[in-house]
1. Could you work out the Kirkwood radius for the stretch 107-159, taking every pair of different alpha carbons, averaging 1/r and inverting it, reported in Å?
2. Between Ser122 and Arg227, what length comes free when the chain is fully extended (0.36 nm per residue of separation minus the Cα-Cα distance, one decimal in nm)?
3. How far apart, in nanometres, would the label points at Gln131 and Met272 be if each is projected 7 angstrom from Cα along the Cα-to-Cβ direction?
4. If you stretched the chain out fully between Glu248 and Asp105, how much longer would it get, using 0.36 nm times the residue separation minus the C-alpha to C-alpha distance?
5. First measure r as the distance between the Cβ atoms of Asp260 and Ser44, then evaluate 1/(1 + (r/R0)^6) with R0 = 35 Å and state the FRET efficiency to the nearest 0.05.
6. For the residue pair Glu156 and Tyr179, what label-to-label distance in nm results when each label sits 7 Å from Cα along the Cα-to-beta-carbon direction?
7. Pulled fully out, how much extra length does the chain show between Ala192 and Ile68, if you take 0.36 nm times their separation in residues and subtract their Cα-Cα distance?
8. Amide H to amide H, which residues 5 or more places from Glu85 or on other chains are under 5 Å from it, using H placed in the peptide plane?
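Values quoted throughout were computed directly from the atomic coordinates according to the rules given, and no laboratory measurement underlies them. No experiment lies behind these values; they were computed from the predicted model shown. Using ideal geometry, Cβ is built from the backbone for each residue, glycine included, and neighbour counts are taken over all protein chains shown.
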Amino acid sequence: MSEPRPRLGGWGRLLFGLAAAAVVASGCAHRRPRLGTAEAVVTSAGTFLLVYESADRAGGEMVRRALIVGAPRLARWGTLRAPVEVQVLPTHESLERAVNRPGFDWLRAWARREVVFVQSPSTWFEGGPTQAQVNELLLHELTHCVMYQAASPGDEWQRKGIPVWFREGMASVTANQGYRRASWAGLARLLAGPPAEDPIDAPERLFREESDAVYSAGHHAFAFLVRRYGDGAVRGVLAEMHAGRGFEQAFEAAVGLRADAFVREFRRYVLMGGWRNAPPRFRRRGGHECEPSSFASPGESKSSSSAK
Ligand SMILES: [Zn+2]
């Protein structure tokens, strides 16, 4: 998913980012956006290098605010160990090109270990998003960065075998996106479908064409994991991976049962209707037992959907 990048720490990495931004700015205008403005944004979660087109001051400012607002929420899982470059790209096409994902019409952003690509909020849809919608998208993406950095000292996280339900579920739950996901009853119908359409196994085609199902399954599975085993178990899985283990071994060491056994337990919970006896907030919002909603605004359309 991500190509190797130079590994520099702290401000060295930041200076590399500034240099990279300058390269982008001097690149071929019809192939690459000219991200001519670069600024460091220092937050409680870590340091970001925000780059955007100089003419897109409004889009850059919305993303800058989202970084600051979202940072404290990341503390649940840890802080960034390396600076993250956040590129605000001027069009959807430039985003698809940057992340090499043609045909992902719903995509608004994409995270790697030390880079987040985001389509400028000013081009998401007519009228533009609210600040809360941008906050939600960025928090989802920053959660990925924290996860990837916590799971390995470099790009090794890509070879740890982290399943999509854990990766996307962690980001979705952290960003309080339960209101976007299928209900428990809806998820039960999805899980009862044919194996080729199973949203937990999430083959690439399903991810591209039925992303709602994949994100819903991930959200509920991760929420179930946190509710049953706690945030500490998740931090433990990340720490075990950082120490060298793959996801399967890390999960078993930190949670106390195999990951496939957990998924079977989750499927039973969904299919047998165990969620019907859960507390109302968990049952309604898919697991948000922390404060839900001043941060995200329910009711927006899929066109602003956050992903990756
Ligand atoms: Zn995601």
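1. Evaluated over the stretch 107-159, this radius sits at 12.0 Å.
2. Value of the extension gain: 34.1 nm.
3. About 4.7 nm separates the two model spin labels.
4. 48.3 nm
5. 0.45
6. About 4.1 nm, to one decimal.
7. 40.5 nm
8. Hits under the 5 Å cutoff: Leu49, Val115, Val116.
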